[in-house]
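Down below is the structure, laid out as structure tokens.
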Amino acid sequence: MKQKVSRIALMTSGGDAPGMNAAIRAVVRTGLYYGLEVYGIMRGYQGLIEDDIIKMNSRSVANIIQRGGTILKTARSKDFLQLEGRQTAYENLKKRGIDGLVIIGGDGSFRGAVTFSKEFNIPCVGIAGTIDKDIAGSDYTIGFDTAANTAVEAIDKIRDTMEAHDRVFVIEVMGRDAGYIALHSGMATGAESILIPEQKTDINDIITSLKEKERRKKLVNLIVVAEGDDFGGGNEVGRVLKENLPKAEIRVCILGHIQRGGAPSCMDRTIASRMGYHAVESLLEGRHNVFVGITNNEMNYIPLEQAVKMKGTINEEWLNIVKILAK
Ligand code: F6P
């Protein structure tokens, strides 16, 4: 193995995701295993600019694999969008002799890394971490599995009261640009309809179908809406349904940030551990400016420059299955 780096730093950036701590643990312990010095940057790029950097050791990451959130905290830095901010960030790395950077986050965080590495020649490696699972090039992103399971657990509870009252429930799950949480949690909870940003929402179609169900006395109906759905999210869908179905008892529930917290699932802990390990190996092997993803259960290294939000790639078959099964 060619060792091209000796001191690395890592950060979590953008929205947090359950499993980020497991990735931090994996990066720190793999780095130490290979004899590197490892630094943790607090609050993402903002902490890098503000020189909020701590030396990590094996104990700093003890007892965190099971915890949600991120011990390094996270932020969406506006200052890093400016050259002046990036210059300060570079100087803070340089004065410590840090020659490799691991960024755990989503496509926005990866775009920051591309600019930074080009301007200052800092080798960067990304780890795909976002509950939305919206990064092209990886079948998994850290946090998605936990978030989808949290949504399923919450929707199951809502179903109890929904059934008891013969109600229609509109439940909004997270996903500003991607409908994966909605698609997975909706299918897993037997939703009648799933509304996602990748597909134009035909509200009249839903109204007609609910009216037809009303006629045959099927009063319990579950509609799962991704927050980024083009019709305007859960509240708007609920408002229009209430207007058009005066006899139905319609309730709206926005699940919100509950989906970002909690103990990571086994799946998220294992992919985070594997990605963290391979991110450090990538830096050591000179495979720079890529992010680590997983495709067909194999590690996948995609140039950071190609990291883009995955949009419009929802498998139509899933929605068709949901329709057929929701009779
Ligand atoms: O991390 C992704 C995400 O949870 C989106 O689904 C959501 O739209 C957004 O972050 C919310 O961000 P914030 O916590 O900054 O309001």
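The values are calculated or read from the model by the stated rules, or taken from the named source; none is laboratory data. From a predicted model like this one, the values you see are computed outputs, not experimental measurements. Neighbour counts are summed over all protein chains in view; Cβ atoms, including those assigned to glycine, are modelled from backbone coordinates with ideal geometry. For accessibility, only protein heavy atoms count, side chains too; no ligands or nucleic acids. Shrake-Rupley method; radii C 1.70, N 1.55, O 1.52, S 1.80 Å.
Those strands (runs of 3 or more DSSP E) of segment 1-64 that lie entirely within it include none in which at least 3 residues are of a type in the set (Ser, Thr, Tyr), open to solvent by 60 Å² or more (accessible area, probe 1.4 Å) and within 16 Å of the ligand (Cβ to nearest atom). Among the residues of segment 170-196, the ones that are more than 15 Å from the chain's Cα centre (by Cα) and surrounded by 24 or more Cβ atoms within 10 Å (Cβ to Cβ) come to 8 in all. Candidates 150, 70, 146: the one that is farther than 23 Å from residue 307 by Cα, within 19 Å of the chain's Cα centre (by Cα) and within 16 Å of the ligand (Cβ to nearest atom) is 150. Checking segment 91-114 against the condition returns no match, with no residue being in contact with a helix residue (DSSP H, G or I) (Cβ under 7 Å, 6 or more places away or on another chain) and free of Cβ contacts under 8 Å to residues at least 40 places away in the same chain.
Taking segment 274-302, which residues are assigned to a strand (DSSP E or B) and more than 19 Å from the chain's Cα centre (by Cα)? Break it down stepwise before answering.
Just the residues of segment 274-302 that are assigned to a strand (DSSP E or B), to begin with: 290-295, 298-302.
Hit for segment 274-302 is 298, nothing else.
The requirement of being closer than 21 Å to residue 160 by Cα and either of a type in the set (Asp, Glu) or not in a loop (DSSP other than H, G, I, E, B) (or both) is not satisfied by residue 271.
Filtering 224, 237 for residues that are open to solvent by less than 30 Å² (accessible area, probe 1.4 Å), of a type in the set (A, V, I, L, M, F, W, C) and more than 16 Å from the ligand (Cβ to nearest atom) leaves a single hit, 237. Pairs are defined by a Cβ separation below 7 Å, a sequence spacing of at least 6 or placement on different chains, a first member in segment 63-88 that is of a type in the set (S, T, N, Q), and a second member that is part of a loop (DSSP other than H, G, I, E, B) and open to solvent by less than 100 Å² (accessible area, probe 1.4 Å); the pairs so defined are 66/263; 70/16; 74/13; 74/14; 74/16; 74/43.
From the list 85, 35, 105, which residue is within 23 Å of residue 268 (Cβ to Cβ) and at pLDDT 95 or above?
Numbers: 85 fails: within 23 Å of residue 268 (Cβ to Cβ); 35 fails: within 23 Å of residue 268 (Cβ to Cβ).
Going through 85, 35, 105 in turn, just one is within 23 Å of residue 268 (Cβ to Cβ) and at pLDDT 95 or above: 105.
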